[in-house]
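**Q** I'd like to ask some things about the structure below.
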Amino acid sequence: MNTEVPTLEFSFLEEGFSAWDIVEQKINESSLTDDRDAFYVCDLGDVLKKHLRWTRALPRVTPFYAVKCNDSRAVVMTLASLGTGFDCASKTEIQLVQSLGVHPNRIIYANPCKQVSQMKYASAHGVEMMTFDSEVELMKVARYHDNAKLVLRIATDDSKAVCRLSVKFGAPIKACRGLLERAKELGLDVVGVSFHVGSGCTDAGTFVKAIADARCVFDMGEELGFQMDLLDIGGGFPGSEDTELSFEEITATINPALDKYFPVDSGVRIIAEPGRFYVASAYTLVVNIIAKKVIIDEEAPIDEEDNKTLMYYVNDGVYGSFNCILYDHAHCYPVLHKKPKPDETMYSCSIWGPTCDGLDRIVEQCCLPDMQVGDWLVFKNMGAYTVAASSTFNGFQRPDIHYVMSRPAWQYVQQIFAQGVLPPPLEGSSQLEIPACCGRGSTFDMPAKPCPANIV
């Protein structure tokens with residue numbers, strides 16, 4: 001395993017500046033050129049804030065970040081420094097995490113259907129903890145992995161989730177005893193149970209039922225002689241504030257269920273697989289209007305100001321960052337870069353991506369002022385299931401990502417890495433209120449260039 005400390009490049013913000021100021025700065029710089037390419041600003045300090053929020057709301061649950069959600073190296077490096085574990089689903093994700101010096105015991109190979117060659121890779125590189133949900137997978141593990149610590153994934157009622165997962169993964173409760181008996185026959189070690197209530201969970205009660213079901217499976221395993229000491233409660237945690245169910249509402253339901261079915265003195269280690277929770281709000285995407293079409297309503301009176309609809313074409317779309325609309329059921333709406341005048345007329349608009357595919361529509365209908373080619377639109381909360389699945393279809397390149405972090409936040413990350421535990425809150429700030437402005441409270445000078453910082 002490569003244990004060399006990697007280098008992360010990000011920019012410190014000047015005192016009194018926020019990530020939004022960097023958005024403004026990049027827009028102004030780009031507006032001086034003809035390129036005006038789409039770009040991201042990612043506030044790594046926001047990732048830290050989410051981690052502190054997690055540790056306060058779920059103190060018994062260790063997060064294993066779902067790498068598939070956003071595999072940007074800077075994000076993974078930041079989380080590695082904060083001491084999180086990692087949910088990896090493939091050889092490539094395992095390689096990424098281990099290249100940053102992460103120990104194999106901080107990785108769960110959370111893919112119940114693994115390719116044999118990739119399972120062999122995991123075995124050769126010390127990754128032992130992995131999920132299964134079928135007899136065929138057990139037989140593969142028995143043959144191709146030397147020392148697997150198996151976690152039985154059970155199905156859940158994810159009918160109220162935005163993205164359902166139990167249609168593909170998870171063993172029904174009635175099938176679990178048979179799977180545990182088969183694992184025993186094969187001489188395999190089953191150490192725990194996992195589940196996933198679906199991405200975009202809208203019913204916190206689903207977690208309670210899944211935790212109770214996991215307790216039943218634990219009891220089955222103990223009857224068969226397994227020493228089960230791991231519970232993985234999966235993902236489904238929101239990453240922005242515009243969701244039907246808030247993070248704290250979900251955790252307020254989870255914690256009593258954990259205390260009831262897996263009390264502290266049970267000795268069971270509890271982990272989870274949050275993805276969007278950590279990264280959604282850290283990313284802001286900025287796109288430029290590259291074309292415009294005006295559709296006149298021939299039946300409306302000529303003297304009416306709003307007798308037209310507008311079609312705006314921008315330089316990122318559903319084959320790029322907005323793939324989340326197709327694959328993650330996301331609803332993306334823009335924020336105006338320029339504040340409209342109080343009396344400015346708003347028109348019915350649609351927003352389209354740059355490719356030659358008619359499917360490449362970002363927003364079907366919204367209200368925007370009459371803007372021009374070269375103007376900018378901003379999309380917030382764009383960190384989850386966007387950059388990880390974007391393509392270069394039709395030759396359109398992925399947006400550049402500009403990473404920023406505050407000096408207080410960076411110093412806090414370094415303290416966590418050095419001490420292995422959360423240090424006291426930042427001066428003048430609670431653990432959940434890391435300053436949004438990177439330089440605030442700092443007497444250091446801002447570097448002229450991005451700051452190379454060593455983190456693991």
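The values are calculated or read from the model by the stated rules, or taken from the named source; none is laboratory data. From a predicted model like this one, the values you see are computed outputs, not experimental measurements. Cβ atoms come from the backbone with ideal geometry, glycine included; neighbour counts cover every protein chain shown. Calculation scope for accessible area: heavy atoms of the full protein, side chains included, ligands and nucleic acids excluded. Shrake-Rupley method; radii C 1.70, N 1.55, O 1.52, S 1.80 Å.
**Q** Among (1) touching an Asp or Glu at 6+ places or on another chain (Cβ under 6 Å); (2) at pLDDT 95 or above; (3) among the small types (G, A, S), which single condition is G198 missing?
**A** Going through the list (1) touching an Asp or Glu at 6+ places or on another chain (Cβ under 6 Å); (2) at pLDDT 95 or above; (3) among the small types (G, A, S), G198 breaks only (2).
**Q** Here's another thing I want to ask about it. Which strands (runs of 3 or more DSSP E) sit wholly inside region 120-164 and have at least 1 residues that are modelled with pLDDT under 95?
**A** Counting at least 1 such residues, we get 161-163.
**Q** Hey, does region 73-87 have a residue that's over 26 Å from P408 (Cα atoms) and within 16 Å of the chain's Cα centre (by Cα)?
**A** yes
**Q** Touching a Leu at 6+ places or on another chain (Cβ under 6 Å) and modelled with pLDDT under 95, is that true of G221?
**A** Criteria not met by G221.
**Q** Of the residues I254, I271, which single one is in contact with a helix residue (DSSP H, G or I) (Cβ under 7 Å, 6 or more places away or on another chain) and either open to solvent by 30 Å² or more (accessible area, probe 1.4 Å) or not hydroxyl-bearing (S, T, Y) (or both)?
**A** I254
**Q** Turning to a different aspect of this structure: Filtering region 59-110 down to residues that are among the hydroxyl-bearing types (S, T, Y) and open to solvent by 10 Å² or more (accessible area, probe 1.4 Å), which residue is nearest to G45 (Cα to Cα)?
**A** Within region 59-110, the match that is nearest to G45 (Cα to Cα) is S72.
**Q** Can you name the residue in region 25-37 that is touching a residue at least 40 places away in the same chain (Cβ under 8 Å) and either outside the structural domain of I289 (by the TED database) or of a type in the set (D, E, K, R) (or both) and is also farthest from W352 (Cα to Cα) among such residues?
**A** Ranking the qualifying residues of region 25-37, first place goes to K26.
**Q** Kindly list, by first and then second residue, each pair from a residue in region 219-242 that is at positive phi to a residue that is open to solvent by less than 10 Å² (accessible area, probe 1.4 Å) and assigned to a loop (DSSP other than H, G, I, E, B), limited to pairs with Cβ atoms under 7 Å and residues at least 6 apart or on different chains.
**A** Sorted first by the residue in region 219-242, then by its partner, the pairs are G234/F195; G234/V197; G236/V197; G236/G198.
**Q** Now, a different point. Look at region 6-65 and say how many of its residues are among the basic types (K, R), closer than 20 Å to F247 by Cβ and not in a helix (DSSP H, G or I).
**A** 1
**Q** Being free of Cβ contacts under 8 Å to residues at least 60 places away in the same chain and either of a type in the set (V, I, T) or in contact with a strand residue (DSSP E or B) (Cβ under 7 Å, 6 or more places away or on another chain) (or both) is the filter; apply it to region 315-335 and report the residue that is farthest from A291 (Cα to Cα).
**A** I325
**Q** While we're looking at this one, here's another question. Could you list, in sequence order, all residues of region 337-368 that are assigned to a loop (DSSP other than H, G, I, E, B), at pLDDT 95 or above and closer than 21 Å to T284 by Cα?
**A** Hits for region 337-368 are G353, P354, D360.
**Q** Hey, another quick one. Restricting to region 326-340, and then to whatever is within 20 Å of G358 (Cβ to Cβ) and open to solvent by less than 40 Å² (accessible area, probe 1.4 Å), can you tell me which residue is farthest from the chain's Cα centre (by Cα)?
**A** C332
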